[in-house]
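Report on the following structure.
The values are calculated or read from the model by the stated rules, or taken from the named source; none is laboratory data. Please read all numbers here as calculations on a predicted model, not as lab measurements. Because the Cβ atoms are built from the backbone with ideal geometry, glycine has one as well, and the counts that use them run over all protein chains shown. We work out accessible area using only protein heavy atoms, side chains counted, and drop any ligands, DNA or RNA first. Shrake-Rupley method; radii C 1.70, N 1.55, O 1.52, S 1.80 Å.
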Amino acid sequence: MSRLIADASALVSLGIVTDDDPDPLALCLSRYEVVVPTAVIDELQEIASYDDVHGHAASAVLDQAESFTTQSVDLDAEFPLDDGENAAVTLANDLDAALFLCDEFNQLGLIHASLADTRLVTTPTLLSVLVRTEHLSAADARLLLDAISDGRSWGANSYVQRARSLLKGPDTVENTSK
């Protein structure tokens, strides 16, 4: 089972749709050994204190905490992002993780450059992987991405728009009528 390190941003994204069927967080937890830095747990607990879509999503993730491993790391004092990303990048490098799940779209270049041998994936990419491995239909992935996008206000995000356009599969029906 491949090891996946997760940041709070992506966990909140997945938490938005934990009540959906299929549940992409449950799929992720069943397919990967998920490891979360304690700094990310702290962020999730802070986010969970809010009475909004993000707070409810963070609570849903924390409700699944028994399904992933939590680990402390020493933070890199020179890392220019918050403690959660710092800890997650450090942990991914320390554990030589296969995947780093993060939705900090404005910082993907910096995060990618900070990872040694770990592949950076976002929630849209994870949904695409689940489609390619036949754990999720393309139609379900599009619906989930739409719901996550609504909750995360990603409607104008060009990265997410491009990822959505790539979520086509055998269950996609093109409307060619005018």
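Out of 97, 163, 141, I need the residue that is in contact with a strand residue (DSSP E or B) (Cβ under 6 Å, 6 or more places away or on another chain) and either surrounded by 20 or more Cβ atoms within 10 Å (Cβ to Cβ) or not in a loop (DSSP other than H, G, I, E, B) (or both). Which one?
None of the other options fit; the residue is 97.
Could you check the stretch 147-160 and list, in sequence order, the residues that are open to solvent by 30 Å² or more (accessible area, probe 1.4 Å), at pLDDT 95 or above and of a type outside the set (Gly, Ala, Ser)?
If the condition is that a residue be open to solvent by 30 Å² or more (accessible area, probe 1.4 Å), at pLDDT 95 or above and of a type outside the set (Gly, Ala, Ser), then 150, 152 are the ones that fit.
How do the helices (runs of 4 or more DSSP H) wholly within the stretch 14-85 filter down when requiring 1 or more residues that are more than 22 Å from residue 142 (Cα to Cα): which remain?
Because the criterion is at least 1 residues that are more than 22 Å from residue 142 (Cα to Cα), the helices (runs of 4 or more DSSP H) in the stretch 14-85 that meet it are 38-48, 53-62.
Looking at the structure I just gave you, is residue 16 under 24 Å from residue 106 (Cα atoms) and surrounded by fewer than 24 Cβ atoms within 10 Å (Cβ to Cβ)?
no
Conditions tested, residue by residue: (1) within 24 Å of residue 70 (Cβ to Cβ); (2) not small (Gly, Ala, Ser).
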position: 95; (1), (2): yes, yes
position: 105; (1), (2): no, yes
position: 113; (1), (2): no, no
position: 123; (1), (2): yes, yes
position: 127; (1), (2): no, yes
position: 131; (1), (2): no, yes
position: 134; (1), (2): no, yes
position: 141; (1), (2): no, no
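Tally up the residues in the stretch 1-13 that are open to solvent by 30 Å² or more (accessible area, probe 1.4 Å) and at pLDDT 95 or above, please.
Here the count works out to 2.
Any idea how many residues of the stretch 19-32 are in contact with a strand residue (DSSP E or B) (Cβ under 9 Å, 6 or more places away or on another chain), open to solvent by 10 Å² or more (accessible area, probe 1.4 Å) and among the hydrophobic types (A, V, I, L, M, F, W, C)?
Of the residues in the stretch 19-32, 0 are in contact with a strand residue (DSSP E or B) (Cβ under 9 Å, 6 or more places away or on another chain), open to solvent by 10 Å² or more (accessible area, probe 1.4 Å) and among the hydrophobic types (A, V, I, L, M, F, W, C).
State which residue is surrounded by the fewest Cβ atoms within 10 Å (Cβ to Cβ) when the search covers only the stretch 100-118 and only residues that are touching a Cys at 6+ places or on another chain (Cβ under 9 Å) and assigned to a helix (DSSP H, G or I).
Selected residue: 108.
Can you tell which of 121, 131, 89 is over 21 Å from residue 151 (Cβ atoms) and either hydrophobic (A, V, I, L, M, F, W, C) or surrounded by fewer than 17 Cβ atoms within 10 Å (Cβ to Cβ) (or both)?
From the options 121, 131, 89, the qualifying one is 89.
Which of the residues belonging to the stretch 141-152 are touching a helix residue (DSSP H, G or I) at 6+ places or on another chain (Cβ under 8 Å) and within 11 Å of residue 24 (Cβ to Cβ)?
Listed by number, the residues that qualify are 141, 144, 145, 148.
Quick grid of which residues meet (1) at pLDDT 95 or above; (2) open to solvent by less than 70 Å² (accessible area, probe 1.4 Å); (3) more than 17 Å from the chain's Cα centre (by Cα):
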| site | (1), (2), (3) |
| --- | --- |
| 38 | yes, yes, no |
| 44 | yes, yes, no |
| 49 | yes, no, yes |
| 52 | yes, yes, yes |
| 59 | yes, yes, no |
| 64 | yes, yes, no |
| 68 | yes, yes, no |
| 75 | no, no, yes |
